[in-house]
Amino acid sequence: MRFTVLGACGAWPEAGQACSGFLLEHDGFRLVLELGYATVPRLLQHVEPGDVDAVVISHGHPDHCADLNPLLRARALRDDPSAPLPVYAPPGALDAVLALDRPGMLSDALDLREFTPGDDFEIGPFRARTRLLPHRPVNAGVRLTAGGSSLAYTGDSGPGPETVALARDADVFLAEASYVDSVPADSVEHLSSARQAGRQAAEAGAGRLVLTHLLPGTPHAAALEAAAGSYAGRIDVATAGFEIDRW
């Protein structure tokens with residue numbers, strides 16, 4: 001499995017970066033996990049629009065799904081339209097982004113496959129295991145396994161036992177860490193910190209921790225230090241262009 005970060009900013013993209021978006025490749029199959037703001041231009045540095053085989057979206061916040069619109073446009077508005085793109089998302093998560101164009105304009109470009117968090121299914125060579133993790137709106141954490149390698153991803157999520165269970169013994173734990181230490185009181189049940197991500201990675205026995213969704217301006221060194229307080233394995237901060245190749 002090969003993992004490439006298209007973007008990883010929380011809420012809005014910093015200059016030169018993008019919001020959540022990740023490209024996973026295995027046996028020639030290209031799966032995109034999240035399509036937040038500014039991810040499509042970076043995706044197209046790696047693949048042609050029609051070469052994306054499937055997309056998985058964790059929840060409906062625009063920093064996780066807004067760039068589904070330009071990807072569908074790039075596949076549909078051409079002389080040789082691509083086949084409908086399988087897109088997996090919780091029910092209703094994509095209603096807003098799909099309403100950006102006139103009704104029916106992109107219908108032939110999309111094969112929407114809604115799932116309930118808790119469902120397990122196959123996506124090409126990937127086995128997807130999804131779980132409901134705490135956030136507003138409904139958020140699906142997802143664990144993707146292919147070729148004996150596994151990546152667990154939280155989407156946006158408050159800490160809890162469900163997250164640890166999803167990441168149990170995963171090779172890579174891609175964990176939302178919007179804050180360094182403490183999460184504001186109004187978000188404490190729905191978002192996480194780097195310190196909490198480190199604790200959960202240690203409890204899960206994950207092989208490697210990658211912090212994502214840091215809010216713009218968050219010092220990366222501080223986030224790494226906070227996570228390392230509990231987790232002794234390798235820790236990285238996801239930024240556009242970061243790769244893990246064939247683990």
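Laid out as a table, the results:
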item	result
Extreme residue, nearest to Val55 (Cα to Cα), among residues of segment 156-168 that are touching an Asp or Glu at 6+ places or on another chain (Cβ under 7 Å) and buried (at least 24 other Cβ atoms within 10 Å of the Cβ)	Asp156
Residue tally, condition in contact with a Pro (Cβ under 8 Å, 6 or more places away or on another chain) and of a type in the set (Lys, Arg), over segment 108-134	2
Where Pro137 falls short, out of the listed (1) loosely packed, with under 15 Cβ neighbours inside 10 Å; (2) part of a helix (DSSP H, G or I)	(2)
Selection from segment 133-153 of residues that are free of Cβ contacts under 8 Å to residues at least 60 places away in the same chain and touching a Ser or Thr at 6+ places or on another chain (Cβ under 8 Å)	Leu133, Pro134, Arg143
Matching residues in segment 141-173 - criterion: being more than 16 Å from Arg2 (Cβ to Cβ), out of contact with any helix residue (DSSP H, G or I) (no Cβ under 6 Å at 6 or more places or on another chain) and assigned to a strand (DSSP E or B)	Val142
Residue match in segment 178-194 (condition: under 27 Å from Trp247 (Cα atoms), part of a helix (DSSP H, G or I) and over 14 Å from the mean Cα position of the chain (by Cα))	yes
Matching residues in segment 99-128 - criterion: being under 22 Å from His61 (Cβ atoms), without any contact (Cβ under 8 Å) to a residue 24 or more places away in the chain and surrounded by 12 or more Cβ atoms within 10 Å (Cβ to Cβ)	Asp119
Residue that is surrounded by fewer than 23 Cβ atoms within 10 Å (Cβ to Cβ) and either at pLDDT below 95 or in a helix (DSSP H, G or I) (or both), where the choices are Ala202, Ala240, Ala227, Ala232	Ala202
Residue match in segment 236-247 (condition: among the aromatic types (Phe, Trp, Tyr) and either in contact (Cβ under 8 Å) with a residue 60 or more places away in the chain or under 27 Å from Glu25 (Cα atoms) (or both))	yes
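The values are calculated or read from the model by the stated rules, or taken from the named source; none is laboratory data. Quantities reported herein were computed from a predicted structural model and do not represent experimental measurements. Here Cβ is always computed from backbone atoms with ideal geometry, including for glycine, and neighbour counts include all displayed protein chains.
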